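To start, the structure under review is shown below, and the notes come after it.
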Number of protein chains: 2
Amino acid sequence: MLTFNEYLASVRPTIEQALRSAVSATTETAPQRLVEAMRYAVLAPGKRVRAALVLLACEACRGDEKAALPAACAVELIHTYSLVHDDLPAMDNDTLRRGQPTCHIKFDEATAILVGDALIPAAFELLLANIQPSDVALRCCSDLAKTAGATQLVGGQADDIYYEKNLTRLPTSGAEEFLTSIHLRKTAALLAHSLRLGAYVAGASKEQVEVLAHFGINLGLAFQITDDLLDVTSSAETLGKSVGKDAKADKLTYPALHGVVASQQKALALIEDAKEMLIAAPELFAEGPREVLGSLADFILLRKK
Amino acid sequence: MLTFNEYLASVRPTIEQALRSAVSATTETAPQRLVEAMRYAVLAPGKRVRAALVLLACEACRGDEKAALPAACAVELIHTYSLVHDDLPAMDNDTLRRGQPTCHIKFDEATAILVGDALIPAAFELLLANIQPSDVALRCCSDLAKTAGATQLVGGQADDIYYEKNLTRLPTSGAEEFLTSIHLRKTAALLAHSLRLGAYVAGASKEQVEVLAHFGINLGLAFQITDDLLDVTSSAETLGKSVGKDAKADKLTYPALHGVVASQQKALALIEDAKEMLIAAPELFAEGPREVLGSLADFILLRKK
């Protein structure tokens, strides 16, 4: 059986190549500097977890992995846009991302805003031009529109930023619910979306889609908790981005609310639940990719960056 | 025959109502402050020229105007996003828009970035949820993805901003071509797109789509020239936004290159050409809406704001 890391290593070259093609295909005749900045942001050394989730979900539902590649790229473009905009001075004001200067530091703020603005329609363009048949393309686009919109991705970031800028002390009640709702929208929604896209391309059943999406939600919540933990326990060198920022900013995080140990336990419980879901209905998914998904769950728990 | 202003007055209440519904439909459970800012930006007193173009093109191609209303809203959402982001401090740094404080002044910069980010997927969501049959929805979305992307809308803004920030004097050669290419992408592309969407909804022929798109391009170039003229000749009170900014910023505009009179002549020539196109093949379009489109062309030339 492949571990998730082995799986990632095996598909990453294909994903990177597809991402290069995706940027080229959606930027023909676009201004050189804008394209350069889009390439810089998209092709920075990312883990490509979301793209891999799209491919794995497709395979798990016994679909053709290759057919899901444009959807895998679309999700990475959306993820990249959200990172580029989140890093802006008016948002998280971050200078380091994926081990290199953030887009607005390397280029400038206007360019970074425009990179994000261009990546959103590019994601739709990829799906519309490459996903077949057309009803699957429509399904993917509708899901993307909702996931990237005000109720999910953008709404989560809006609440996160608003809290960060306007509340300087941790709230005494409702904090965990609020935090979970931010994680659900900022992180879990896009992971669940990635799994749904892969399932759609495979022509999956409603049950398959629901189990994978639920798995993605748990993964996302655990992912965000470990992300917050890494900000406490890792170094900028290992992580490729600034650390210790959350505590300095009095940011609402699981470690801030419950401490490091309880946060680790919470992440573990979410991952155990996620793995249970996949095993509970073994006939739903192909065995190989299902096992890789289980290994991904462990990978999230143990990741160092 | 209706003039364009009479036509606008007759459809504006329907458009405004549809826009209110569109924001509601795409922001259910979204953070209150984000929704408030989206409403503020979208429902500011705009002329709704682009929405009206969608409806008019649909009618001109003998389609059902009502069926094009979601597309009309989608185009207004994209237009609004581009205004909100263009006004940001890192871009044009504008404080007044449609007679009221710009979104980042009324709310804050982070919120204004997020408003734009949410409006892009919202436009796709509207098309996907409401345009029938699904192949027309796909066609509309593909067109929107290209129009709002790096090669058109975002690319035009990128070149515009880059020029503005890095060249302090007007270039001596190639200036008009460069300026036209910015106008084509920043303004004309979205007007032509509006007309194509209306035509798609009506199930128009390739020829109808092409004539309308060409008409839109001319309209857009003329629109941008008159926009630049108004910055020279109008007042902030009449215009509802700051004036005299272009000259102060040494901005590349038609009036800066060729003076006011030659710019007015250029706009007139573009409008005359545009009107010719509609009349050249009278059987292509229904007479009433065709005449309103002709009146719109005149309206652009004579507009005071």
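If you take the alpha carbon radius of gyration of chain A and divide it by 2.2 N^0.38 Å, what ratio comes out, to two decimals?
0.95
Before rounding to the nearest 500, sum -39500 (n - 2.57) across all DSSP H runs of length at least 4 in chain A and divide by the residue total; then give [θ] at 222 nm in deg cm²/dmol.
-23500 deg cm²/dmol
Relative to the other copies, what are the label-point distances for residue B:269, with labels 7 Å from Cα along the C-beta vector, expressed in nm at one decimal and sorted shortest first?
Counterpart label points of residue B:269 in the remaining copies fall at 7.4 nm.
Report, for residue B:45, each distance to the same residue's label point in the other copies, shortest first and in nm; define the point 7 Å along Cα→Cβ.
5.7
Every other copy gets compared here: list the nm distances from the residue B:245 label point (7 Å along Cα to Cβ) to its counterparts, shortest first, one decimal.
2.9
Taking only Cα atoms and a 10 Å spring cutoff, compute GNM fluctuations for chain B and point out the largest among B:202, B:280, B:189.
Comparing B:202, B:280, B:189 in a Gaussian network model of chain B, the most mobile one is B:280.
Over the protein assembly as shown, what number does the Rg to Rh ratio reach, with both radii from the alpha-carbon atoms and Rh per Kirkwood?
The Rg/Rh ratio comes out at 0.99.
For residue A:249 and residue B:66, what is the calculated FRET efficiency with R₀ set at 51 Å and r taken between the beta-carbons, to the nearest 0.05? The partial results should precede the final answer.
Details: r = 50 Å, r/R0 = 0.97.
Taking R0 as 51 Å, the efficiency between residue A:249 and residue B:66 is 0.55.
Given the pairs B:66/B:146; A:146/A:206; A:165/A:186; B:106/B:248, which span a C-alpha to C-alpha distance of over 23 angstrom in this model?
Over 23 Å apart, Cα to Cα: B:66/B:146; B:106/B:248.
Which residue in A is nearest the A/B rotation axis when you measure from the C-beta atom, and what is the distance in Å?
Spelled out, residue of A and its Cβ distance from the axis onto B: A:120, 2.
Please find, in a Gaussian network model of chain A (springs between Cα atoms separated by less than 10 Å), the residue of A:101, A:289, A:13 whose mean-square fluctuation is greatest.
Of A:101, A:289, A:13, the Gaussian network model singles out A:13 as fluctuating most.
For chain A, which DSSP H helices look membrane-span-like by this rule: Cα extent along the axis of 24 Å or more and mean Kyte-Doolittle of at least 0.5?
A:69-86, A:109-130
Which residues' amide hydrogens lie under 5 Å from the amide hydrogen of residue A:96, considering only partners 5 or more residues apart or on another chain, with H built in the peptide plane?
Residues meeting the amide H criterion: A:102, A:242.
In nanometres, what is the gap between the two model label sites at residue A:135 and residue A:10, each 7 Å from Cα along Cα-to-Cβ?
Here the modelled spin labels are 3.3 nm apart.
How compact and how long is region A:4-141, expressed as Rg and Dmax of its alpha-carbon atoms in Å?
Values for region A:4-141 (Cα only, Rg and Dmax): 15.0, 44 Å.
For residue B:304 paired with residue B:20, estimate the spin-label separation in nm (one decimal), with each label point 7 Å from Cα along the Cα-to-Cβ line.
So the label points at residue B:304 and residue B:20 sit 2.8 nm apart.
Calculated FRET efficiency, residue B:237 and residue B:272, Cβ-Cβ r, R0 51 Å, to nearest 0.05?
Efficiency, rounded to the nearest 0.05: 0.95.
Relative contact order for region A:4-302: what percent, with Cα pairs under 8 Å and sequence separation of 6 or more?
In percent, rounded to a whole number, it is 22.
Looking only at A:166, A:218, A:130, which one moves most when chain A is put into a Gaussian network model with springs between Cα atoms under 10 Å?
Highest fluctuation of the listed residues: A:166.
Throughout, read-outs are computed from the coordinates displayed, never taken from laboratory work. Just so we're clear, the structure is a prediction, and the values are computed from it rather than from any experiment. Ideal geometry is used to build each Cβ from the backbone, glycine not excepted, and the neighbour counts take in all protein chains shown.
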